[in-house]
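*Asks:* Below is one structure. I have some questions about it.
The values are calculated or read from the model by the stated rules, or taken from the named source; none is laboratory data. Everything quoted here is computed from the prediction, not taken from an experiment. Methodologically, a virtual Cβ is constructed for each residue, glycine included, from the backbone with ideal geometry; neighbour enumeration extends over all protein chains shown.
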Amino acid sequence: MITTVAPAVRRVGRGAGSRGALGRLALAAVPVGFLVVFVAWPIVAIARRTAGELGAGRLAEVLTSGRFVDALVATVGQTVVSVIATIVVGLPIAAAIARHEFRGRGLLRAVVLVPFVLPTLVVATAVDQLGLLSGWAAVVAAHVVFNVAIVVRLVGGWWAGIDRRRIEAAATLGASPAEVFRTITFPLLRPAVLAAAAMIGLFSFTSFGVILVLGGPARFTIETDIHRFAIFRGELDVAAVLGGVQLVTVAAFAVVAARLQRRVSVARRGRRVPLARPVRTGADRLLVAVATSLVGLVVVVPLGSLVVGSFRVGGGFGLTHWRALAQDPPVGATRSLDALVTSLTFAAGAAVIALVVGALAAIVIARGDRLGRVVEVVGLIPIGVSAVTLGFGYLLAFTAFDFRRSIWLVPVAHAVIGVPFVIGAAVPALRSVDQRRRDAVAALGGSPWRVWLDSDARALVPALRTATGFAAAVSLGEFGATTFLSRPQGSETAPVVMFKLLSRPGDLLQGQAMALAVALALLVAVIALVVDRRRGDGIGWL
Amino acid sequence: MSGDGLTLAGVTVRYGETVAVDDVSLELAPGEVVALLGPSGCGKSTLLRAIAGLEPLAAGSIAAGGRDLHGVPTHRRDLGLMFQEHVLFDHLDVAGNVAYGLERQGVGAGERQARVAELLLLVGLDGFGRRRVESLSGGEAQRVALARALAPSPSLVMLDEPLGALDRSRRDELTGVLRRVLTELGQTALHVTHDQTEAFAVADRVAVMRAGRLVQVAPPHELWHSPADRFVAEFVGHRNLIEVDGRMEIWPERAVVLEPIDGTDGGGGLPGTVTEARFDDGEWVHEVQLGDGSTLTSRSTRRSDIGGAVRCRIDRQRVIVIAD
């Protein structure tokens with residue numbers, strides 16, 4: 001038997017050697033080419049403007065200006081507060097879900113995830129129409145609503161994976177529950193908390209729509225100032241300097257976040273006793289009650305009242321705002337219904353591009369050789385670029401195009417943002433394929449193509465389905481890059497129109513914005529349901 | 001001497017409708033090592049968890065050192081608990097793990113260091129203090145877990161299948177370490193296992209458990225020589241259980257002597273055919289099929305051929321009669 005197996009395996013190995021190398025180079029060319037043109041080139045355009053053409057004097061002038069210092073302080077300040085607030089709110093929820101089995105636990109996990117997949121502008125609108133908070137407090141609140149899922153999933157998932165016997169061993173050694181938490185649980189959780197903090201920090205630092213909607217014109221961060229100086233003031237030099245600053249900081253942030261997250265994504269070996277146990281004591285019940293209330297307060301109340309608000313007309317209820325979606329185009333903007341159709345079209349386009357680029361990149365990366373590592377680095381670049389920086393980079397790099405006609409740039413930009421998610425889901429799926437499975441198919445006489453179909457492809461398909469859906473959802477909600485690229489002539493997306501509605505006074509326009517927000521949220525929900533059949537198991541990498 | 005003794009009276013644990021531990025009463029003298037022996041799922045681990053205060057009692061009481069443990073939370077019970085695997089604190093080094101219980105007691109740094117060194121020496125890991133937990137082998141990790149459980153001198157230490165995850169040679173080696181350490185410290189201990197050899201090697205007395213109930217509690221030799229019933233007899237390793245005149249007899253494997261049927265034999269005995277022969281622990285073990293279809297297992301230094309006709313002679317002096 002051994003003599004018949006060995007040649008078969010060797011044949012596969014040789015096939016992948018000489019002819020395979022050329023083929024893989026061709027595979028790699030597509031994603032690398034796409035990312036070089038649509039990510040690297042715009043970044044270079046900003047960098048050239050900042051470093052080369054501007055001159056050191058102008059650069060120093062912008063960086064020492066009061067406006068920049070204020071923006072920097074505000075950006076860092078709201079980021080720090082958002083991270084702390086989100087962790088404080090998220091930890092009790094993570095604790096309850098990780099430590100206890102109770103009725104409604106699965107529902108709680110699923111509900112927490114909802115705001116995270118919703119467009120940021122929908123979350124901002126939801127917090128805005130509550131009218132409870134304003135200014136930076138509202139900004140931080142929206143960041144908590146949006147990001148709390150990161151804490152619950154990342155920290156909660158890690159927490160639930162702690163072997164219960166460790167906690168019990170500590171208790172028998174004389175540690176009180178508080179001491180167990182301080183000396184055992186928290187040290188074990190620390191990498192997950194840090195990873196969550198880095199991700200929340202990254203999202204808050206580059207937050208755009210939330211700050212425009214809830215901060216109003218008086219509040220600004222580096223991200224919103226790139227937009228303001230580029231679009232409203234026409235000072236591209238200042239915008240370029242800010243874009244350069246944002247590129248460096250966000251890239252550094254992303255590297256740290258990715259490294260921290262890798263530490264908590266390693267599979268744990270061996271048979272473990274799960275931590276979760278039934279609710280027994282009064283303290284258990286209190287924890288579950290607190291967690292449930294927090295989810296109610298942070299997720300259900302704002303989103304629920306957004307839905308209710310979309311039906312509120314004057315003192316009563318009616319369909320006025322929903323009808324307005326099809327009827328009244330706001331001044332200088334696209335009709336809401338048309339914007340929704342545009343959004344869906346772009347989302348489909350972006351998902352297809354992200355799928356093709358991401359899947360090809362993942363296949364090359366999963367081999368783990370030098371070419372794979374190069375593609376991996378290139379493929380993850382978009383994570384280190386904020387959406388606004390990307391949009392601004394397009395503005396500088398693609399001056400040759402008439403933006404009123406080149407509406408295809410919008411789905412392309414959206415696809416760029418979606419590619420890392422596709423890669424992030426597909427690579428682990430491919431790496432999880434057992435080499436023995438490939439060998440077994442080969443030993444049974446399968447051709448290299450058959451081997452790939454029966455092992456790798458089987459792992460790839462479910463991962464790609466989820467990630468592609470996520471890319472489509474991201475595209476539906478994308479606002480930062482789109483603001484630079486969309487024009488009223490046929491390329492205004494739903495978030496852009498929603499922002500225009502919100503930024504004008506008048507109850508009718510506000511009401512229409514709420515209806516549009518709910519409609520957009522429903523579209524995202526439909527995608528999530530179609531794509532992710534494993535209910536409550538999370539989307540993409542969360 | 002750090003043993004205080006343990007008294008279980010009518011201990012019952014329920015999971016919903018199922019009774020996991022059913023009316024168990026057991027006494028451990030100070031310094032005594034008792035093994036809780038039974039098949040998996042018989043409730044032995046649950047009993048351990050109940051003693052530790054990790055499962056609530058449905059009925060009965062637990063007292064350690066004369067102190068009733070009702071309502072006392074786990075961390076105030078003064079117990080040590082050692083599990084099968086994966087329970088060292090991997091954010092601490094070896095010394096940090098062993099010192100953990102001492103820190104909780106507020107023992108000073110100097111005394112703590114001395115005690116940690118003493119225990120590591122005792123379990124054969126002298127000089128391992130600064131090692132990272134991930135760098136340990138399975139056997140070493142279990143030695144650290146043992147040292148950690150013993151360091152605070154608990155009134156009772158409980159070992160839940162402590163050697164279950166180890167390969168056989170490692171297991172034999174650690175069984176010896178376990179026995180020596182517990183004896184040397186005079187530590188009262190309750191050792192849960194499903195392995196009869198391990199139970200006999202470590203314990204002064206063995207409590208056999210089945211479906212939540214204690215079937216028999218006795219020293220190893222007594223368990224072997226007068227098992228309470230068929231279940232205990234089979235569980236401690238007896239193979240030949242024979243019904244004779246309405247009562248149960250055990251013919252130990254060495255009590256069954258094989259003699260070839262070759263014309264010169266004296267006749268009598270139980271004639272049969274050898275169906276299996278294997279070499280185990282320096283002796284030959286034969287399976288013999290008798291005329292009525294039943295089989296006997298025999299153990300001797302002489303080899304018989306498979307397929308050969310033999311007479312089984314029974315050494316009546318070694319036969320055990322089961323009381324029930």
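*Asks:* Considering the range B:284-307 alone, what residues qualify as being of a type in the set (D, E) and surrounded by fewer than 16 Cβ atoms within 10 Å (Cβ to Cβ)?
*Replies:* Scanning the range B:284-307 gives B:D292, B:D305.
*Asks:* Quick check: is even one residue across the range B:250-260 in contact with a Pro (Cβ under 6 Å, 6 or more places away or on another chain) and surrounded by 15 or more Cβ atoms within 10 Å (Cβ to Cβ)?
*Replies:* no
*Asks:* Looking at (1) touching a residue at least 40 places away in the same chain (Cβ under 8 Å); (2) basic (K, R); (3) farther than 20 Å from A:L460 by Cα, which one does A:R370 not meet, given that it meets all the others?
*Replies:* The single condition A:R370 does not satisfy is (1).
*Asks:* Something else now. Of all residues in the range A:159-177 being under 20 Å from A:G90 (Cβ atoms) and within 13 Å of chain B (Cβ to nearest Cβ), which is surrounded by the most Cβ atoms within 10 Å (Cβ to Cβ)?
*Replies:* In this case the residue turns out to be A:I162.
*Asks:* Within the range B:128-145, can you find the residues that are away from chain A (no Cβ under 12 Å), surrounded by 17 or more Cβ atoms within 10 Å (Cβ to Cβ) and within 24 Å of B:G106 (Cα to Cα)?
*Replies:* B:F128, B:G129, B:R143
*Asks:* Sticking with this structure for a sec: From the residues in the range B:153-162 that are of a type outside the set (A, V, I, L, M) and buried (at least 24 other Cβ atoms within 10 Å of the Cβ), which one is farthest from the other protein chains (Cβ to nearest Cβ)?
*Replies:* Top of the filtered list is B:P162.
*Asks:* Being of a type in the set (D, E, K, R) and within 14 Å of A:V148 (Cα to Cα) is the filter here; which residues of the range A:82-120 pass it?
*Replies:* Of everything in the range A:82-120, just one residue is of a type in the set (D, E, K, R) and within 14 Å of A:V148 (Cα to Cα), namely A:R109.
*Asks:* What are the residues in the range A:181-190 that are within 17 Å of A:A94 (Cα to Cα), surrounded by 18 or more Cβ atoms within 10 Å (Cβ to Cβ) and facing chain B (nearest Cβ under 8 Å), if any?
*Replies:* A:I184, A:L188, listed by residue number.
*Asks:* Filter the range A:430-457 down to the residues that are surrounded by fewer than 16 Cβ atoms within 10 Å (Cβ to Cβ), within 20 Å of A:G372 (Cα to Cα) and touching a residue at least 40 places away in the same chain (Cβ under 8 Å) and list them by number.
*Replies:* Once the filter is applied, which keeps residues that are surrounded by fewer than 16 Cβ atoms within 10 Å (Cβ to Cβ), within 20 Å of A:G372 (Cα to Cα) and touching a residue at least 40 places away in the same chain (Cβ under 8 Å), the range A:430-457 yields only A:R431.
*Asks:* Taking A:F421 as the residue in question, decide whether it is within 19 Å of A:V531 (Cα to Cα) and either modelled with pLDDT of 85 or more or within 28 Å of the chain's Cα centre (by Cα) (or both).
*Replies:* For A:F421, the condition - within 19 Å of A:V531 (Cα to Cα) and either modelled with pLDDT of 85 or more or within 28 Å of the chain's Cα centre (by Cα) (or both) - is met.
*Asks:* Only one of (1) out of contact with any Asp or Glu (no Cβ under 8 Å at 6 or more places or on another chain); (2) on the phi > 0 side of the Ramachandran plot fails for A:G174. Which number is that?
*Replies:* Exception for A:G174: condition (1).
*Asks:* Return the only residue of B:L92, B:L26 being in contact with a strand residue (DSSP E or B) (Cβ under 8 Å, 6 or more places away or on another chain), assigned by TED's automatic domain parsing to the domain that holds B:P219 and surrounded by fewer than 21 Cβ atoms within 10 Å (Cβ to Cβ).
*Replies:* None of the others qualify; the one that does is B:L26.
*Asks:* Show me the strands (runs of 3 or more DSSP E) found entirely inside the range B:21-111 where at least 1 residues are more than 23 Å from A:P177 (Cα to Cα) and either at pLDDT 90 or above or more than 14 Å from chain A (Cβ to nearest Cβ) (or both).
*Replies:* Correct list: B:33-37, B:59-64.
*Asks:* Is one or more of the residues making up the range A:130-148 crowded, with 24+ Cβ neighbours inside 10 Å and outside any helix (DSSP H, G or I)?
*Replies:* No, because not a single residue in the range A:130-148 is crowded, with 24+ Cβ neighbours inside 10 Å and outside any helix (DSSP H, G or I).
*Asks:* Another question about this same structure. Can you name the condition, by its number, that B:A165 falls short on among (1) touching a residue at least 24 places away in the same chain (Cβ under 8 Å); (2) surrounded by fewer than 17 Cβ atoms within 10 Å (Cβ to Cβ)?
*Replies:* (2)
*Asks:* Sort through A:V210, A:V193 and tell me the only one that's within 19 Å of the chain's Cα centre (by Cα), within 14 Å of another protein chain (Cβ to nearest Cβ), in contact (Cβ under 8 Å) with a residue 60 or more places away in the chain and crowded, with 20+ Cβ neighbours inside 10 Å.
*Replies:* Residue meeting the stated conditions: A:V193.
*Asks:* Hey, could you check the range B:82-121 for residues that are in contact with a Pro (Cβ under 9 Å, 6 or more places away or on another chain) and aliphatic (A, V, I, L, M) and say which is nearest to B:K44 (Cα to Cα)?
*Replies:* B:M82
*Asks:* Looking at (1) of a type in the set (V, I, T); (2) in a helix (DSSP H, G or I); (3) farther than 21 Å from A:V112 by Cβ, find the lone condition where A:V273 falls short.
*Replies:* (2)
*Asks:* Checking A:L529 against (1) aliphatic (A, V, I, L, M); (2) in contact with a Lys or Arg (Cβ under 9 Å, 6 or more places away or on another chain); (3) crowded, with 16+ Cβ neighbours inside 10 Å, which single condition isn't satisfied?
*Replies:* All conditions are met except number (3).
*Asks:* Since A:V241 meets every condition but one in (1) buried (at least 22 other Cβ atoms within 10 Å of the Cβ); (2) aliphatic (A, V, I, L, M); (3) touching a His at 6+ places or on another chain (Cβ under 9 Å); (4) part of a helix (DSSP H, G or I), which condition does it not meet?
*Replies:* (3)
*Asks:* Additional query: Looking only at the range B:29-52, count how many residues are crowded, with 19+ Cβ neighbours inside 10 Å, farther than 28 Å from A:V279 by Cβ and not hydrophobic (A, V, I, L, M, F, W, C).
*Replies:* 2
*Asks:* Could you list all residues from the range B:56-74 that are within 19 Å of B:A149 (Cβ to Cβ) and either surrounded by 20 or more Cβ atoms within 10 Å (Cβ to Cβ) or in contact with an Asp or Glu (Cβ under 7 Å, 6 or more places away or on another chain) (or both)?
*Replies:* Across the range B:56-74, the qualifying residues are B:I62, B:A64, B:G65, B:L69, B:T74.
*Asks:* Would you point out the residue of the range B:227-238, among those that are in a helix (DSSP H, G or I) and of a type in the set (A, V, I, L, M, F, W, C), that is nearest to B:S40 (Cα to Cα)?
*Replies:* Ranking the candidates gives B:F235 first.
*Asks:* Still on this structure: Take residues that are in the same structural domain as A:L25 (by TED's automatic domain parsing) and under 21 Å from A:P42 (Cβ atoms) and tell me which of the helices (runs of 4 or more DSSP H) falling wholly in the range A:310-417 contain 3 or more.
*Replies:* The qualifying helices (runs of 4 or more DSSP H) are A:336-366, A:370-380, A:387-397.
*Asks:* Residues being buried (at least 18 other Cβ atoms within 10 Å of the Cβ) and charged (D, E, K, R): count how many of those fall in the range B:208-248.
*Replies:* The total comes to 2.
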